[in-house]
Amino acid sequence: MTDARTEAGAARSGTETDDRAIAEPATAADPGDTADAAALRARRAARRELTVAVLLALVGAAVVLSVAGRTWAEGTAPVHGSRIAVHASGNTINKAGSALALLGLAGGLAVLATRTIGRTVIGVLVTLAGLGVTVLAVQGAGDTSAVNSEAAGKAAVEGVRAVDVSHTIWPWFAAVGGALILLAGLFVVLRGRRWPGMSNRYEAPAGKAAAVKRGPVRNADLWNALDRGEDPTR
């Protein structure tokens, strides 16, 4: 009698265990979820790098253009026994600096619309523009020819030279701006091929839809669709 009860209890216990196993199936980590999450993190990191590069180019160009019209050198010109104040702006000393800054600005924006080899070419151009701006700014920090020309013009006498010439801090701000453009260009050259293009958000998803795995939609799939600019509810 006791053995029968023991066997019945064991049977019920085994049945309950099986029921729980069926009701609560073991959950194992899906390798696909891990791979999708890693890919999502990589794409977000690439977009952050793209944003940093574009901001470096834009800020650098803005700094250069904002100080190009300011006084870089100043002095006095002796005219008929008196002295007239003369000064020269960055654009007066060398207009090429502003032109190169505009090239860096355009290149920073062009990075968003290009990919792979085209983006690398843009990065090289931005790098050269930044280098040129930096070199011209450093040279302008000690240039006196523009002030002498201004002195001769105001004195209306050829050969008059400015005296007591001094230079302001603005050329060094321009040099910093050029360095930012230079860094942006190098960043694009070294890392730009890994970054997404602006066209990724608008390209037809038909080719990608064929590659989607069959089965229930996971949270990672929803995040990936949002990251690509697609509507996951469709």
Quiz item: Residues of segment 81-91 being of a type outside the set (D, E, K, R) and either over 31 Å from the mean Cα position of the chain (by Cα) or assigned to a loop (DSSP other than H, G, I, E, B) (or both), which ones?
Solution: Gly81, Ser82, Ile84, Ala85, Val86, His87, Ala88
Quiz prompt | Those residues of segment 66-120 which are within 17 Å of Leu182 (Cβ to Cβ), surrounded by fewer than 20 Cβ atoms within 10 Å (Cβ to Cβ) and among the β-branched types (Val, Ile, Thr), in sequence order | solution = Thr120
Self-check item: Of the criteria (1) at pLDDT below 85; (2) part of a helix (DSSP H, G or I), which one Pro78 fails
Solution: (2)
Quiz prompt | Residue that is surrounded by the fewest Cβ atoms within 10 Å (Cβ to Cβ) [pool: residues in segment 49-65 that are of a type in the set (Val, Ile, Thr) and either touching a residue at least 12 places away in the same chain (Cβ under 8 Å) or closer than 30 Å to Ala151 by Cα (or both)] | solution = Val52
Quiz item: Restricting attention to segment 33-48, which residues are among the charged types (D, E, K, R) and touching a residue at least 40 places away in the same chain (Cβ under 8 Å)?
Solution: Asp33, Asp36, Arg43, Arg44, Arg47
Exercise. Answer with yes or no whether Ala179 is under 18 Å from Leu65 (Cβ atoms) and assigned to a helix (DSSP H, G or I).
Key: yes
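The values are calculated or read from the model by the stated rules, or taken from the named source; none is laboratory data. A quick note: this is a predicted structure, and the numbers were derived from the prediction, not measured. Because the Cβ atoms are built from the backbone with ideal geometry, glycine has one as well, and the counts that use them run over all protein chains shown.
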